[in-house]
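Read the structure below first, then the notes.
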Amino acid sequence: MEDKQYYHFKKSSSRPSVSTTTEHFYVCEDDAMWHDVMRQFAAFLDTCGYVGVYENVDLMLEDYWNRKASRKAFEE
């Protein structure tokens, strides 16, 4: 059996006579990279009503990896 990581993101809100809960479960391999978890958390925030979080995080990570690849190519 392979090692897994389990993430459970949960948001609970309550107002007089109304209570809501939003949950997101994510299971990944033990060697998953941090950006995979970050994207899942961004997806969770989108479902909580923070529209556009996933797209912005995805663009930010794409830019991060492009800059990292450029630096590596420059160093070689």
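Laboratory data are not the source of any read-out in this text; all were calculated from the coordinates shown. Note that the coordinates shown come from a computational prediction; the quantities given were computed from them, not determined experimentally. Note: ideal-geometry Cβ built from the backbone for every residue, glycine included; neighbour counts use all protein chains shown.
Laid out as a table, the results:
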item: Scan of the range 1-43 for residues that are of a type outside the set (A, V, I, L, M), surrounded by 13 or more Cβ atoms within 10 Å (Cβ to Cβ) and part of a helix (DSSP H, G or I), ordered by number; result: His35, Asp36, Arg39, Gln40, Phe41
item: Failed criterion for Gly49 (all others in (1) of a type outside the set (A, V, I, L, M, F, W, C); (2) in a helix (DSSP H, G or I); (3) free of Cβ contacts under 8 Å to residues at least 24 places away in the same chain; (4) out of contact with any helix residue (DSSP H, G or I) (no Cβ under 6 Å at 6 or more places or on another chain) hold); result: (2)
